[in-house]
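One structure below.
Laboratory data are not the source of any read-out in this text; all were calculated from the coordinates shown. Computed from a predicted model, the values in this text were never measured in an experiment. Glycine gets a Cβ as well: all are built from the backbone with ideal geometry, and neighbour counts include every protein chain shown.
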Amino acid sequence: MSSSNTPDFQQAVFVSTAEEFRDFLEFPYKHYSGDKNWVPPLRIMQKHLLDTKKNPFYKHAEIALFLTYYNGKPAGRIAAIDNKAYNEYNGSKTGFFGFFECVDYQGSANLLFKVAQDWLKDRGLTTFIGPMSPGMLDEIGIQVDGFDHKPALMMPYSKPYYDKLIQGAGYQKAVDLYAYKVTKETVALARTEKADEIVRKRTPGLNVRRINLRRTKKEVEIIHHIFNEAWKKNWGFSRVSLDEFYDLAKGIKKIIDPDFAHIAEVDGKPVAFSIALPDLNQALQHLDGSLWPTGWMKLLYHKRKINQIRTALMGVLPEYQKRGIDILLHREAIKNGLGKGFVAAEMSWLLETNSNMISVAEKIGGYKEKVYRLYQK
């Protein structure tokens, strides 16, 4: 990599000092500088993801951060994650990697994966999966297609060569995740109207209501229960704690709009939910990851121009799946969004193996826009 006469020197470092943590945190902001499609996340939120004292994810997990330096300059980063809740639930010995970023040099990538895997092996873990940064409710996967589109809120964006680096380090594809887009022009409103009529006839007592923000705690408990029941047979699942859902709710409470967040009930019993959020990335792209000193003013100004939503969470109790209730939930958010001047919605992420949800996305006029990938070794 070096063009000088100085011998190349590469080292991996276990992050243990404030300066090293700063290098870990700041690496993506320099790495993607000048990339028009990267949206700098707020540093305060990135710090929270990594805060082992404040993020409830770490009540059942441990994390180690690593950097690689090439000729004295940061060349990449990775986190090794021991998710004890996952292994207890699945009866496995699986370790995870996350927060992966790297220059286009296989030697740096190999070194990062080696030190992360060594840390996980020391804990008796034998299978490695990632990226998860750090868990299922956060950013997961590496983008492998759709690089000409900006990422939606809480979705990753990656360098196109990451797939090559990860496979070069000995990993193989585990599963792909899809992001489907539906726009004002493609949405099949007539079909969703017909579906609404059919589903309500099939399921007497069905009611779709807005989430009540005045009783957030109770609503979070409902969503938490449905999510864990709905997802329990999906690839890579482990039960998510109630504290993690409370933490997520705290993080999105200031941007959530009840017009885009719904719970479906049958005879008063909650059976499904959908949380779509205004795509805050449309505003964050104008900041450099900081609210101070002027970032908060830019955020307030550009929030008014957001015209896309992202369905970030959805779940239907197993006994009520394949009845079309999910179509009604999508329909409510899209219909309300159109009424407010929104022009697009992203449904992400959808497991490539979840043919039912993919079918729903396509029936309402969605098309696959981006693809993300999880790997295993």
Answer label for Rg and Dmax of the Cα atoms in Å (calculated), chosen among [x] 22.0, 85; [y] 21.2, 77; [z] 20.5, 64: [y]
By average C-beta atoms within 10 angstrom, highest first, the peptides 54-62, 173-181: 173-181, 54-62
Relative contact order, percent, segment 1-125 [alpha-carbon distance under 8 Å, six or more residues apart]: 25
Pairs beyond 20 Å (Cα-Cα), from Lys53/Lys217; Lys159/Lys370; Lys184/Lys368; Lys181/Lys218: Lys53/Lys217; Lys181/Lys218
Given charges at beta-carbon only (K, R positive; D, E negative), |dipole| of segment 59-211 in Debye: 500
Neighbour-count order for Glu332, Glu197, Glu229, fewest beta carbons within 10 angstrom listed first: Glu197, Glu229, Glu332
Residue of Thr216, Thr311, Thr192 that the Gaussian network model of the chain assigns the largest fluctuation, springs spanning Cα pairs under 10 Å: Thr216
Segment 181-376, relative contact order [Cα under 8 Å, separation at least 6], %: 31
³J(HN,Hα), Karplus 6.51/-1.76/1.60, whole Hz, each residue of segment 144-149, x for Gly, Pro: 10, 7, x, 5, 8, 10
Packing-based exposure ordering (other Cβ within 10 Å, fewest first) of Trp349, Trp296, Trp119: Trp296, Trp119, Trp349
The chain: relative contact order as a whole-number percent, Cα under 8 Å and 6+ apart: 21
For segment 181-376, the fraction of alpha-carbon pairs in successive 10 Å shells from zero, as %: 8, 34, 38, 17, 3, 0
Over segment 292-377: Rg over Rh, Cα atoms, Kirkwood Rh: 1.07
